[in-house]
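Here the structure is laid out as structure tokens; the discussion comes afterwards.
The values are calculated or read from the model by the stated rules, or taken from the named source; none is laboratory data. Given the structure is predicted, the values throughout are model-derived calculations rather than measurements. Cβ: placed from backbone, ideal geometry, glycine included. Neighbour counts: every protein chain shown. Side chains are part of the model used for accessible areas, which takes the heavy atoms of the whole protein and leaves out ligands, DNA and RNA. Shrake-Rupley method; radii C 1.70, N 1.55, O 1.52, S 1.80 Å.
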Amino acid sequence: MTGIQFRLLNESKGQAVQSPRAQCDKKAYQFRLKHTLELQPNLTLFQAQVTGLIVERGKIVGCRTNLDIKFQGMTVIITTGTFLRGLMHIGENRNEGGRLGDFSAKTLSGSLIKYGVELLRLKTGTPPRLLGRTIDFDKMQEQPGDSNPTHFAFHDTRISSDLFHVEQFKEQRLGWKPGCEQVSCWLTYTTSITADLVRNNLQKSAMYSGNIEGVGPRYCPSIEDKIVRFPDKERHLLFLEPEGRSTDEFYVNGLSTSLPFDVQLDLIHSVPGLESAAILRPAYAVEYDFAPPTQLYPSLESKKVEGLFFAGQINGTSGYEEAAAQGLVAGVNAVNKARGVNPLVIHRYEGYIGVLIDDLVTKGTREPYRMFTSRAEHRLLFNHGSAELRLASHAEKHKLLCENRLKLISGKARLVDHWVGVFENTRVPGGLWGDLMRSDAAPSELPAGFSKASQAVRDEVIYRVKYRGYLAREQHQVKKLSQAEALQLPVTLDYSSIKGLKRESAVKLAEIKPATLGQANRISGVSPADIGILMVFVESSRAQHRKDSSD
Ligand SMILES: Cc1cc2nc3c(=O)[nH]c(=O)nc-3n(C[C@H](O)[C@H](O)[C@H](O)COP(=O)(O)OP(=O)(O)OC[C@H]3O[C@@H](n4cnc5c(N)ncnc54)[C@H](O)[C@@H]3O)c2cc1C
């Protein structure tokens with residue numbers, strides 16, 4: 001509802017790695033989401049700075065705030081982003097804060113450490129914001145949104161009243177019809193002058209002068225990193241992104257830096273179209289505390305403090321989707337914990353959320369982690385169109401969707417199966433319809449009635465038919481893997497008592513406390529031989545347990 005531009009990324013590549021991107025009006029998004037929360041029944045809201053945790057006998061019981069008002073809770077979720085001891089750098093200039101103009105949460109770190117949570121430092125950066133009327137867009141290439149936007153939401157399985165969750169009260173609020181009145185982004189490039197400016201001022205950059213101890217994101221490098229790491233590259237792409245419909249502020253995507261303000265001005269002026277641009281807010285780097293995520297169970301609950309959950313950038317990730325995915329899982333699991341229900345765990349062969357959380361809690365991260373499609377070994381199964389079909393069973397089990405929507409999703413799944421069956425079982429001149437789809441000479445006609453199915457169903461059917469062989473191979477692998485995932489390892493397992501297990505492996509396993517044999521197998525440093533020993537141990541313990549109970 002607050003989207004200002006929609007684009008399907010990787011449109012020229014296969015469907016498995018295409019992903020919808022939505023750019024939102026930042027202020028409209030903030031107000032709309034806040035209002036959504038205000039309208040949510042049974043949710044109590046309060047704004048204050050959390051200064052410390054209240055823990056009794058290893059269990060969370062609440063938190064303290066700077067207003068000396070305490071809150072009690074059976075569970076608490078920490079989502080501090082870049083605010084924990086946040087320190088911003090612009091050249092030599094330093095300011096405490098999680099974001100420009102915001103506070104730095106200074107005492108919460110001490111409270112976490114007191115209860116045994118290890119904290120380390122990371123850093124990230126943002127680019128400068130420019131005033132639109134000082135930009136010469138004629139020298140740039142326009143990048144409009146898609147005329148037929150791909151939305152994150154699946155419209156065909158939502159009734160119009162819950163198409164956007166926030167519209168359930170039939171209230172007219174700030175927002176637009178999704179996809180209408182889109183605004184353009186603009187493309188330009190750095191020049192050789194930009195590169196020289198960076199090289200000549202490198203010692204003034206907070207990141208290169210040794211002023212910053214935190215590790216930065218390898219995959220979203222600052223302009224300093226790009227110029228140093230790719231000295232032969234003539235130019236680097238920059239995107240000028242509007243911040244909203246009712247502001248003339250532009251975000252220079254691709255030019256994050258911690259160089260001093262005067263150098264930033266020169267850098268900006270060295271770029272075609274930005275010769276006279278005015279900076280509204282300078283770029284800066286921010287250093288912050290994060291809690292290495294190997295201290296968490298796959299439910300995102302802390303191993304150190306029972307009932308305490310962590311989500312978002314505090315777990316070492318960077319990015320909106322990464323934070324949102326963890327927020328969802330931690331939210332569901334904090335409720336499940338309070339209700340005494342088993343946690344929601346999405347396996348790494350079920351979706352990107354599974355890959356993200358499994359990577360974090362099993363391998364950890366020493367640099368800001370971003371979710372790339374390449375991190376998922378079964379990404380062929382993760383096309384955007386199948387997301388709700390893949391995850392509906394979790395939604396049903398954890399009561400995340402209304403019955404009506406679940407019915408529509410299972411109806412859609414049946415339709416997809418039906419049409420895949422038609423393609424794979426109907427003989428036409430030249431072979432089966434599916435064979436023709438997979439051959440170079442795609443059929444000129446499709447089965448009668450198929451064109452009447454919804455676009456979402458047709459896309460999913462064609463994807464499954466076209467890539468049938470590859471998908472079947474993946475499914476076969478997943479089946480084998482899911483056996484290892486089904487073998488659960490008790491949290492209390494004493495790895496040091498398992499005969500034959502290498503000491504280093506026992507130490508690693510005791511630290512990570514894997515939930516399943518599959519997760520144990522992914523811990524770096526634990527060899528296949530050790531996994532074999534562990535499997536024999538668990539199975540023989542189980543057999544012994546069964547024997548004891550039958551005796
Ligand atoms: C300018 C900018 C542009 C970005 N652009 C992109 C982008 O284009 N794409 C992308 O994927 N990511 C982007 N990011 C990164 C993305 O915003 C973060 O990774 C993501 O928002 C992290 O989510 P989070 O919920 O962990 O933390 P945040 O979204 O940072 O939220 C943390 C919240 O916790 C509150 N808080 C912190 N400490 C306390 C406390 N002690 N008590 C009470 N409240 C507290 C803060 O006030 C804040 O509201 C950008 C970040 C910035 C700063």
Would you call Val252 over 30 Å from Ala510 (Cα atoms) and among the β-branched types (Val, Ile, Thr)?
yes
Residue hits (the stretch 237-246; more than 14 Å from the ligand (Cβ to nearest atom) and not in a strand (DSSP E or B)) are Arg245, Ser246
Hey, could you check the stretch 1-14 for residues that are under 18 Å from Ser184 (Cβ atoms) and part of a loop (DSSP other than H, G, I, E, B) and say which is farthest from the ligand (Cβ to nearest atom)?
Glu11
Out of Val263, Val228, which single residue is assigned to a helix (DSSP H, G or I), open to solvent by 20 Å² or more (accessible area, probe 1.4 Å) and either out of contact with any strand residue (DSSP E or B) (no Cβ under 6 Å at 6 or more places or on another chain) or within 30 Å of Val361 (Cβ to Cβ) (or both)?
Val228
Per-region count, the stretch 271-304, residues more than 15 Å from the ligand (Cβ to nearest atom), among the acidic types (Asp, Glu) and in a strand (DSSP E or B):
1
Is it the case that some residue within the stretch 15-33 is over 25 Å from Gly216 (Cβ atoms), out of contact with any Ser or Thr (no Cβ under 6 Å at 6 or more places or on another chain) and assigned to a loop (DSSP other than H, G, I, E, B)?
yes
Which ones in the stretch 508-551 are buried (at least 17 other Cβ atoms within 10 Å of the Cβ) and acidic (Asp, Glu)?
Asp530
Residues of the stretch 329-374 satisfying the condition of being farther than 19 Å from Ile78 by Cα and in contact with a Phe, Trp or Tyr (Cβ under 8 Å, 6 or more places away or on another chain):
Gly351, Tyr352, Asp359, Arg370, Met371, Phe372, Thr373
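Matching residues to (1) of a type in the set (Lys, Arg); (2) more than 16 Å from the ligand (Cβ to nearest atom); (3) open to solvent by 10 Å² or more (accessible area, probe 1.4 Å):
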{"site": "His269", "(1), (2), (3)": "no, yes, yes"}
{"site": "Glu306", "(1), (2), (3)": "no, yes, yes"}
{"site": "Phe310", "(1), (2), (3)": "no, no, no"}
{"site": "Asn315", "(1), (2), (3)": "no, no, no"}
{"site": "Tyr320", "(1), (2), (3)": "no, no, yes"}
{"site": "Ala324", "(1), (2), (3)": "no, no, yes"}
{"site": "Gly364", "(1), (2), (3)": "no, yes, yes"}
{"site": "Pro368", "(1), (2), (3)": "no, no, no"}
Say whether the condition of being among the small types (Gly, Ala, Ser) and over 22 Å from Ala456 (Cα atoms) is met by at least one residue in the stretch 415-433.
yes
If only one of Lys508, Lys547, Lys513, Lys502 is without any contact (Cβ under 8 Å) to a residue 12 or more places away in the chain and of a type outside the set (S, T, N, Q), which one is it?
Lys547
Which of the residues that make up the stretch 457-495 are open to solvent by 60 Å² or more (accessible area, probe 1.4 Å) and either in contact with a Lys or Arg (Cβ under 8 Å, 6 or more places away or on another chain) or aliphatic (A, V, I, L, M) (or both)?
Lys466, Arg468, Ala486, Val491
Kindly indicate whether Val355 is in contact (Cβ under 8 Å) with a residue 12 or more places away in the chain, within 24 Å of Lys479 (Cα to Cα) and of a type outside the set (Lys, Arg).
yes
Would you be able to say whether some residue in the stretch 403-421 is open to solvent by less than 70 Å² (accessible area, probe 1.4 Å) and more than 30 Å from Leu344 (Cβ to Cβ)?
yes
Turns out the strands (runs of 3 or more DSSP E) fully within the stretch 63-141 with at least 2 residues that are within 13 Å of the ligand (Cβ to nearest atom) are 76-78, 120-126
Provide a single number: the residues in the stretch 41-55 that are open to solvent by 70 Å² or more (accessible area, probe 1.4 Å) and either within 15 Å of the ligand (Cβ to nearest atom) or closer than 22 Å to Thr80 by Cβ (or both).
5
Does Gly145 satisfy the criteria of being more than 15 Å from the ligand (Cβ to nearest atom), in contact with a strand residue (DSSP E or B) (Cβ under 7 Å, 6 or more places away or on another chain) and either open to solvent by 40 Å² or more (accessible area, probe 1.4 Å) or among the small types (Gly, Ala, Ser) (or both)?
yes
List pairs: first residue in the stretch 31-42 and touching a residue at least 60 places away in the same chain (Cβ under 8 Å), second residue open to solvent by 90 Å² or more (accessible area, probe 1.4 Å) and not in a helix (DSSP H, G or I) anywhere in the structure, Cβ distance under 7 angstrom, at least six positions apart or on different chains.
Phe31/Leu174; Arg32/Leu174
Inside the stretch 5-35, can you point out the residues that are within 17 Å of Gln143 (Cα to Cα), open to solvent by 60 Å² or more (accessible area, probe 1.4 Å) and in contact with a Leu (Cβ under 9 Å, 6 or more places away or on another chain)?
Arg21
Selected residue (criterion: farthest from Gln23 (Cα to Cα)) from residues of the stretch 115-148 that are among the acidic types (Asp, Glu) and under 29 Å from the mean Cα position of the chain (by Cα):
Glu118
Which residue is nearest to Asp25 (Cα to Cα), if the candidates are limited to the stretch 245-266 and must be in contact (Cβ under 8 Å) with a residue 24 or more places away in the chain and among the aliphatic types (A, V, I, L, M)?
Val252
